[in-house]
């Protein structure tokens, strides 16, 4: 709970829920989180919700007004959070993950490559470690924003496929290469050609003759003097054909 400098009632975040995690035979793990939330955010977040019709980091929501006499609490939003996945490690260097959650690629609070600012989504992830290399494949099913003014309806979908290869050049320097493609199809199907875990996505997109959006990126992080980090990212996007 807290107060906004411009007044307008007490701001708060109230979450009740359940969180479970476990491991079976040191190879199969699971995680789930369920939470019922009510929140009255500071003005700058509440204004963004009004502009975008979306709560940062969450999905469907509804608005509510304070029922406390004198409007002690500010108006806010009500939303339900559900995340969960299973993890399977067939051998020491390979880890697979399947579920509904968020992912993050890059450094810092936000990332140009892949941030966790949006809603959770269904995904399949494979992470492979060999020597100083870490290679990540991520396949995602993305769902369109829920329209507040209409009844329940099946939402449109897009899909994404991502590669990220990082290399620990030294104990203090990590360099990464990023590649991804975002696409949709009229029948809401995944383009099977993008399931190839090692091919150059731009080559597939070119062969398909498609308007898919291809992303290419570079990132680095340098740690120095035991207390400082310097990081940066460069991302090139094919936005001319974006929908």
>> Assuming 0.36 nm per residue, please report the length gained on full extension of the stretch residue 24 to residue 122 beyond their Cα-Cα distance.
In response: 33.0 nm
> Can you sort 228, 73 by how many other beta carbons sit within 10 Å, fewest first?
Replying inline: 228, 73
> Most exposed first by the Cβ proxy, i.e. fewest other Cβ within 10 Å, how do 212, 43 rank?
Replying inline: 43, 212
>> With just the Cα atoms defining each centre, how far is the range 1-68 from the range 155-233? Give it in Å.
In response: 29 Å
>> If I build a Gaussian network model for the chain, linking alpha-carbon pairs within less than 10 angstrom, which residue out of 199, 86, 175 has the largest mean-square fluctuation?
In response: 199
> Once a ≥ b ≥ c are taken as the square roots of the eigenvalues of the Cα gyration tensor of the range 172-234, is the result rounded (a/c under 1.5), prolate (a/b larger than b/c) or oblate (a/b not larger than b/c)?
Replying inline: prolate
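Just the Kirkwood number for the range 1-78, please: inverse of mean 1/r across all distinct Cα pairs, in Å, one decimal. Kindly include the intermediate steps, with their values, before the conclusion.
Working: mean 1/r = 0.0689 Å⁻¹.
About 14.5 Å, per the Kirkwood formula over Cα pairs.
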>> Using a 10 Å cut-off around each Cβ, can you sort 48, 226, 95 from fewest to most neighbouring Cβ atoms?
In response: 226, 48, 95
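What does the C-alpha gyration tensor say about the overall shape of the range 108-213? Classify as rounded when a/c is under 1.5, otherwise prolate if a/b is larger than b/c, or oblate.
Because a/c hits 1.5 or more and a/b fails to exceed b/c, the range 108-213 counts as oblate.
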> At 222 nm, what helix-only mean residue ellipticity would the chain give, in deg cm²/dmol to the nearest 500, using -39500 (n - 2.57) for each DSSP H run of four or more?
Replying inline: -2000 deg cm²/dmol
> Normalised by the residues of the chain, what does the relative contact order come to in percent, with Cα pairs under 8 Å and at least six apart?
Replying inline: 12 percent
>> I need the peptides 33-41, 157-165 ranked by packing, meaning the mean over residues of other C-beta atoms within 10 angstrom, with the highest value on top.
In response: 157-165, 33-41
> Measuring from the lowest to the highest alpha carbon on each principal axis, how far does the range 24-115 reach, largest first, in angstroms?
Replying inline: 60, 31, 18
>> Can you tell me what percent of all Cα-Cα pairs in the chain are more than 26 Å apart?
In response: 52 percent
>> From Cα pairs below 8 angstrom and at least 6 apart in sequence, can you work out the relative contact order of the range 95-178, rounded to a whole percent?
In response: 22 percent
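Here, each number is a calculation from the coordinates, and none is a lab measurement. Because the structure is a prediction, the values reported are computed rather than measured. Cβ: placed from backbone, ideal geometry, glycine included. Neighbour counts: every protein chain shown.
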